[in-house]
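Step one of this worksheet: look at the structure below.
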Amino acid sequence: MSRAHGAAHGKVILLGEHAVVYGAPALAAGIERGATATATTLAPGEASRLVLGGDTILADPASTDDRARAFAALLAEGREAPSVLVEAASELPAGGGLGSSAAIGVAAGRAVASLFDPEIEGESAARAVAWERIFHGNPSGIDTAAAAIGGCFRFTREHGAHPIPVARPLVLAIGWSGSSSSTRTMVEGVARLRARKPAMVDKSIAGIAALVDNAALAVEAGDLLGLGRLFDLNQMILAGLLLSTEAIEDMCATARAAGALGAKLTGAGGGGSVIALVGASQSADEDASAAMILAAWRAAGFSGFVTRVGIPQGV
Ligand code: MEV
């Protein structure tokens, strides 16, 4: 019996979700919370299975369970079809906009690849992409990139991920809207809107691309006030694409009123998570400011946590 482990980050999309599906750039970052997986060889011929969140799922390309098809796709991507047990765990809410499925796919892909194909470069990434395609249909690849590399980066479908230097660490309050959403459904919703109103959606995508380019400059320059305004503008465009909800709008407004420099949904929208950019003020350092945002969310019935993205240049 052989055994191998894999781990991966969760992610936040800072700006650019959905537009990135159509080739526009997006800014994202890996976060500390993520997923882990352990792969153990089984006797040849034994059915491969995935243990996840208390469920045992057999690899089955014909199953109606996305997880069974995704696991089968992850295994089929390799050089051989191994008999393997994968035990995975995620610290991220499923359907929460923080890249839970990608993190599980990357962690499981890493564990399986290092068990069976350790010498093949890119093997774990290919397995993770095969997994993710089952859940998202037409993923841009930004979630699996964040899960794999962490850090803060600019991403396009064409060129992949390019790390960007973060002049001042970004302190983000991440809040849970209370309901999950399906990325596939939300991406399909934008595609339907685009079929009905192509000019409107294409202008929104171009607008988001411009915001992302400015946001990359703001991150590199440490311009947190500017970045916060760009969060708010991106949120307005996402709401125009019918991706926001009452709870998300409520959380954004609550965070801004509690001192956030900007706030927006992150990920697919339609539920999931909100990010609020935390800034220090004369009376409160960043930790105290973040605590105020979390307290305001709590008072409004929403939970959240704080994460830091990027380390100062030269450190
Ligand atoms: C989901 O985290 C991000 C989306 O842009 C979909 C994708 O890029 O694959 C909504």
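The values are calculated or read from the model by the stated rules, or taken from the named source; none is laboratory data. Remember, predicted model here, so these are calculated numbers, not experimental data. For neighbour counting, all protein chains shown are included, and Cβ atoms are generated from backbone atoms with ideal geometry for every residue, glycine included. Side chains included, ligands, DNA and RNA excluded: accessible areas come from the protein's heavy atoms. Shrake-Rupley method; radii C 1.70, N 1.55, O 1.52, S 1.80 Å.
What's log10 of I(q)/I(0) for the stretch 1-156 at q = 0.11, 0.12, 0.15, 0.16 Å⁻¹, Debye sum over Cα points only, no solvent? With no solvent term, the Cα-only Debye profile gives -0.38, -0.45, -0.70, -0.80.
Over all distinct Cα-Cα pairs of the stretch 107-223, the Kirkwood formula returns a hydrodynamic radius of 17.0 Å. Extension gain for the segment M1 to K197, taken as residue separation times 0.36 nm less the Cα-Cα distance, is 64.9 nm to one decimal.
Place a point 7 Å from Cα of E220 in the direction of its Cβ. Which residues in the stretch 165-189 have their backbone N less than 19 Å from it? Under cut-off, by backbone N: 165-170.
Using a Gaussian network model of the chain in which every pair of alpha carbons under 10 angstrom is joined by a spring, one finds that among P44, P165, P82 the greatest mean-square fluctuation is at P44. Around the Cα centre of the stretch 3-163, unit charges on the Cβ atoms of Lys, Arg, Asp and Glu (plus for the first two, minus for the last two) sum to a dipole of about 240 debye. Ordered from longest to shortest, the equivalent ellipsoid semi-axes for the stretch 1-71 are 32, 17, 10 Å, each the square root of 5 times a Cα gyration tensor eigenvalue.
Of the residues G240, G141, G53, the one that moves most in a GNM of the chain with alpha-carbon contacts below 10 Å is G53.
Each Lys and Arg Cβ is given +1 and each Asp and Glu Cβ -1; about its Cα centre, the chain then shows a dipole of about 580 debye. Toward the positive end of the charge dipole of the chain, with +1 on the Cβ of Lys and Arg and -1 on the Cβ of Asp and Glu, the farthest Cα among S140, A43, G16 is that of G16. Using the beta-carbon distance between A253 and E119 and R0 = 41 Å, what value does 1/(1 + (r/R0)^6) give for FRET efficiency, to the nearest 0.05? Between A253 and E119 the formula returns 0.20.
Each label point was placed 7 Å from the Cα along the Cα-to-Cβ direction; for E91 and A280 their separation is 2.5 nm. In whole percent, how big is the carbon plus sulfur part of the accessible area of the chain, probe 1.4 Å, protein atoms only? Reported share for carbon and sulfur atoms: 54 percent.
Across every pair of non-identical alpha carbons in the stretch 73-132, the mean reciprocal distance, once inverted, gives a Kirkwood radius of 11.6 Å.
Please compute the per residue accessible area over the chain with all protein chains in place, 1.4 Å probe, rounded to a whole number of Å². Intermediate values should be presented prior to the final figure.
Numbers: 13220 Å² over 315 residues.
Normalised by residue count, the accessible surface of the chain is 42 Å².
For T56, the shell of other residues with beta-carbons less than 15 Å away shows a net charge of -3, using +1 for Lys and Arg and -1 for Asp and Glu.
Put a dot 7 Å past each Cα toward the Cβ at A43 and T64; how far apart are the dots in nm? So the label points at T64 and A43 sit 3.3 nm apart. Applying a DSSP loop filter and a limit of 12 other Cβ atoms within 10 Å to the GluC sites (Glu not before Pro) in the stretch 75-139 leaves E80, E119, E121. Since only G160, Q235, S289 are under comparison, the one whose Cα sits farthest along the positive direction of the charge dipole of the chain, derived from C-beta charges on Lys, Arg, Asp and Glu, is Q235.
Helices in the chain, meaning DSSP H runs of at least 4 residues, each add -39500 (n - 2.57). Divided by all residues, the mean residue ellipticity at 222 nm is -13500 deg cm²/dmol. Across A299, A258, A167, mean-square fluctuation computed from a Gaussian network of the chain (C-alpha pairs under 10 Å connected) peaks at A299.
Starting from the eigenvalues of the Cα gyration tensor, five times each then square-rooted, give me the equivalent ellipsoid semi-axes of the chain, largest first, whole Å.
Values: eigenvalues 229, 87, 68 Å².
So the equivalent ellipsoid measures 34, 21, 18 Å along its semi-axes.
Per the Debye calculation on the stretch 170-309 with a single equal scatterer at every Cα and no solvent contribution, log₁₀ I(q)/I(0) for q = 0.13, 0.14 Å⁻¹ amounts to -0.56, -0.64.
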